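The values are calculated or read from the model by the stated rules, or taken from the named source; none is laboratory data. Everything quoted here is computed from the prediction, not taken from an experiment. Positions of Cβ are generated from backbone atoms using ideal geometry, with glycine treated the same way; all protein chains shown enter the neighbour counts.
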């Protein structure tokens, strides 16, 4: 919702006519794959909640492949363009084809920004990463060998190349990477008296962090977030190509959201016509039609967001 300093019809009467309040919104470009969408949403929600203290957060499926995040807290709604830009830039790890995991430090630095470490850990622990790696084919042999060019340590790169070629599945290559680079997984292996490789040092220590975040961290369209007057599809709009409704999601159940079962305009029309009886029409009763359709739970998600926003 856009709040203006004056009534819209008075825009020519006031030199200081401007927008003063609007939800802070993020447009996240995702793939068509559900697991990627879920993982990105988990990571992003973590930062909005813990780094900024935003409570009124609504995730809206765009109707095709992306998601929009609407933040309705008062302090978010009243941010200036400069404030919105600062938040968006802070949350943007990936810009174009570049992923900065060193927080602006030199390329050779093994240190990572705390935000990067948090994002990596959330992605690894969200319950989706293992499935994503296998389903997307990121570590099938050809793809696995291709990503090794981002490993800066030549000796380590050749060691990994040999190991990748020796095993016969993407799952085993994923286990190899976790054994060598993931501290939490390495500790679990040590407790189980499993043999693990030596700890990697230097810049290549972050190779797995780069791999995970490149695939699992959301890519933001910063321009959408920085302007009070930037247009963005509202919740419950209809996507013109798919016919899907842009529905608000429940972040705690986002793992259950299936794009193929998303409410569509044609299905909603059929549901309405079936559920409204002739008797109800004769009685001229005021009917909340959406409650009799597949749209009902998504309206409830929206109402919860509104309650948090005005609390």
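To keep it simple, each residue is scored yes or no on (1) part of a loop (DSSP other than H, G, I, E, B); (2) within 17 Å of the chain's Cα centre (by Cα); (3) modelled with pLDDT of 90 or more.
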site: 89; (1), (2), (3): no, yes, no
site: 103; (1), (2), (3): yes, no, no
site: 109; (1), (2), (3): yes, no, no
site: 115; (1), (2), (3): no, yes, no
site: 137; (1), (2), (3): yes, no, yes
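Pairs linking a residue in the range 226-239 that is closer than 19 Å to residue 82 by Cα to a residue that is part of a loop (DSSP other than H, G, I, E, B), with Cβ atoms under 6 Å and 6 or more positions apart or on different chains, are 228/22.
Limited to the range 153-171, what total is found for residues that are assigned to a helix (DSSP H, G or I) and surrounded by 14 or more Cβ atoms within 10 Å (Cβ to Cβ)?
Count: 8.
I'd like to know if the range 232-241 contains one or more residues that are closer than 26 Å to residue 79 by Cβ, in a loop (DSSP other than H, G, I, E, B), modelled with pLDDT under 80 and in contact with a strand residue (DSSP E or B) (Cβ under 8 Å, 6 or more places away or on another chain). Looking through the range 232-241, at least one residue is closer than 26 Å to residue 79 by Cβ, in a loop (DSSP other than H, G, I, E, B), modelled with pLDDT under 80 and in contact with a strand residue (DSSP E or B) (Cβ under 8 Å, 6 or more places away or on another chain). Take the conditions (1) surrounded by 11 or more Cβ atoms within 10 Å (Cβ to Cβ); (2) part of a helix (DSSP H, G or I); (3) out of contact with any strand residue (DSSP E or B) (no Cβ under 8 Å at 6 or more places or on another chain); (4) at pLDDT 85 or above; residue 291 misses just one of them, which is (4). For the range 165-184, a residue qualifies if it is within 17 Å of residue 210 (Cα to Cα) and without any contact (Cβ under 8 Å) to a residue 40 or more places away in the chain, and the qualifying residues are 173, 175, 176, 177, 178, 179, 180, 181, 183. Take the residues in the range 242-272 that are in contact with a helix residue (DSSP H, G or I) (Cβ under 6 Å, 6 or more places away or on another chain) and assigned to a loop (DSSP other than H, G, I, E, B), then tell me which one is farthest from residue 291 (Cα to Cα). Among residues in the range 242-272 that are in contact with a helix residue (DSSP H, G or I) (Cβ under 6 Å, 6 or more places away or on another chain) and assigned to a loop (DSSP other than H, G, I, E, B), the one farthest from residue 291 (Cα to Cα) is 243. Step by step: first the residues of the range 172-203, then only those that are under 31 Å from the mean Cα position of the chain (by Cα) and farther than 25 Å from residue 126 by Cβ, then the one that is surrounded by the most Cβ atoms within 10 Å (Cβ to Cβ). Which residue is that? Top of the filtered list is 203.
Just one of (1) closer than 30 Å to residue 153 by Cβ; (2) modelled with pLDDT of 90 or more fails for residue 76. It is (1). In the set (1) at pLDDT below 80; (2) out of contact with any strand residue (DSSP E or B) (no Cβ under 7 Å at 6 or more places or on another chain); (3) surrounded by 15 or more Cβ atoms within 10 Å (Cβ to Cβ), residue 228 fails one condition alone, (2). For residue 53, indicate whether it is at pLDDT 90 or above and either in a helix (DSSP H, G or I) or over 29 Å from residue 177 (Cβ atoms) (or both). Taking the combined requirement at face value, the residue satisfies it. The C-beta contact set for the range 212-224 (first residue on the phi < 0 side of the Ramachandran plot and in contact (Cβ under 8 Å) with a residue 60 or more places away in the chain, second residue surrounded by fewer than 18 Cβ atoms within 10 Å (Cβ to Cβ) and assigned to a helix (DSSP H, G or I), distance under 6 angstrom, 6+ apart or interchain) is empty.
Out of 122, 36, 43, report the one residue that is modelled with pLDDT under 70, touching a helix residue (DSSP H, G or I) at 6+ places or on another chain (Cβ under 7 Å) and in a helix (DSSP H, G or I). Answer to the selection: 36.
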